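Data first, discussion second: the structure below is written as structure tokens.
The values are calculated or read from the model by the stated rules, or taken from the named source; none is laboratory data. On a predicted model such as this, the values are computed, not experimentally measured, just so you know. Here the Cβ positions follow ideal geometry from the backbone for every residue, glycine too, while neighbour counts run over all protein chains shown. These area figures cover heavy atoms from the full protein model, side chains too; ligands, DNA and RNA do not enter into them. Shrake-Rupley method; radii C 1.70, N 1.55, O 1.52, S 1.80 Å.
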Amino acid sequence: MGTLIILQITIFLLVAVGFVLKRIHLVGPQGQKNLNDMVIYVILPCNILRAFLDSPADGGLLSYLEVLLISVFIQAFCVVYGRIVFRREPEGKNKCLRYGTICSNAGFLGNPIAEGIYGTEGLMLASIYLIPQRIMMWSSGLAVFSGTSDRKQTIKKVVTHPCILACVIGIPMMLLDLNLPDGLDGMVTAIGNCNTAMSMMVIGMILADINVKDFWDWTVVKFTLHRLIIIPAAVYIVCRFLPLDEEAFGICVLLAAMPAGATTSILAEKYDMEPAFATKMVIFSTLLSLPTICIWSLFI
């Protein structure tokens, strides 16, 4: 309990640092975008690879397979769930809400949470959990906005994503008990250790864009309730009846309780589908996720 409380305090403080940096204009919009890309394409893959290299393959493969299968079912559930729950919303908002239900911020926010609570084993399970979501992000998720899904482009984006490549490289190395050369190993470790700090500060920068006067929206509140409470509650109930170990169970519930992904507002802007509304979804659900993740962590 003490460790979890310290973790949450650390996360809040890191978010506060990012918030202040953006508010005092030490980091601008372009700088924030560059930091976001650096986390996704450099820091996080190194962090994932380091986790696989640090963990022995001692019976963990069953847990990986369990988490992968559960994640597939969760993604399928979210596709149907969003289509039903938000069917009466106007077209632009409907697309944003459905995409936000399918594609959460589990990769950006979930990985440091998983690592902080469950260590390297949690990070590996989180990485496995995210594989179906990354596939859905560039297939069904993109099709929500565009109306079509380019299979070749989807396959290309999935197989070349650095986080997926880190899993592809890391799993065989873990199974064969291989290590990186000393210099390369040190570089991967040093970069990967930046993950939690950089991820949380970027979240703080996102929150700094909030405009309180124009922020309140009951539809956004309803979405946040579904995304942060109802969906993870459904996952919790179902997983309670499955013979999962503690780490696999916790990862599935926690990563199902993540806010809307930042790509929601990016794609809404690209396809001119209520980008201001999408931004409110991302910011509001991210802001509320900090206390709800803490509650879910304590509850689990």
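Quick check on residue 77: is it open to solvent by less than 10 Å² (accessible area, probe 1.4 Å) and of a type in the set (Phe, Trp, Tyr)? No: the conditions fail for residue 77.
Any idea how many residues of the range 79-107 are part of a helix (DSSP H, G or I), of a type in the set (D, E, K, R) and free of Cβ contacts under 8 Å to residues at least 40 places away in the same chain? Result for the range 79-107: 1.
When the range 47-67 is filtered for residues that are modelled with pLDDT under 90, assigned to a helix (DSSP H, G or I) and surrounded by 14 or more Cβ atoms within 10 Å (Cβ to Cβ), the ones remaining, listed by number, are 47, 48, 49, 50, 51, 52, 53, 54, 63, 64, 66. Looking at (1) crowded, with 16+ Cβ neighbours inside 10 Å; (2) under 25 Å from residue 116 (Cβ atoms), which is the only condition residue 229 fails? The single condition residue 229 does not satisfy is (1). Restricting attention to the range 245-288, the residues being touching a strand residue (DSSP E or B) at 6+ places or on another chain (Cβ under 9 Å), within 20 Å of residue 211 (Cα to Cα) and surrounded by 24 or more Cβ atoms within 10 Å (Cβ to Cβ) number 8. Checked against the criterion of being in contact with an Asp or Glu (Cβ under 9 Å, 6 or more places away or on another chain), open to solvent by less than 30 Å² (accessible area, probe 1.4 Å) and closer than 23 Å to residue 80 by Cα, the range 200-219 contains one or more residues that satisfy it.
State yes or no: is residue 170 among the small types (Gly, Ala, Ser), surrounded by fewer than 24 Cβ atoms within 10 Å (Cβ to Cβ) and under 26 Å from residue 246 (Cβ atoms)? The answer is yes for residue 170.
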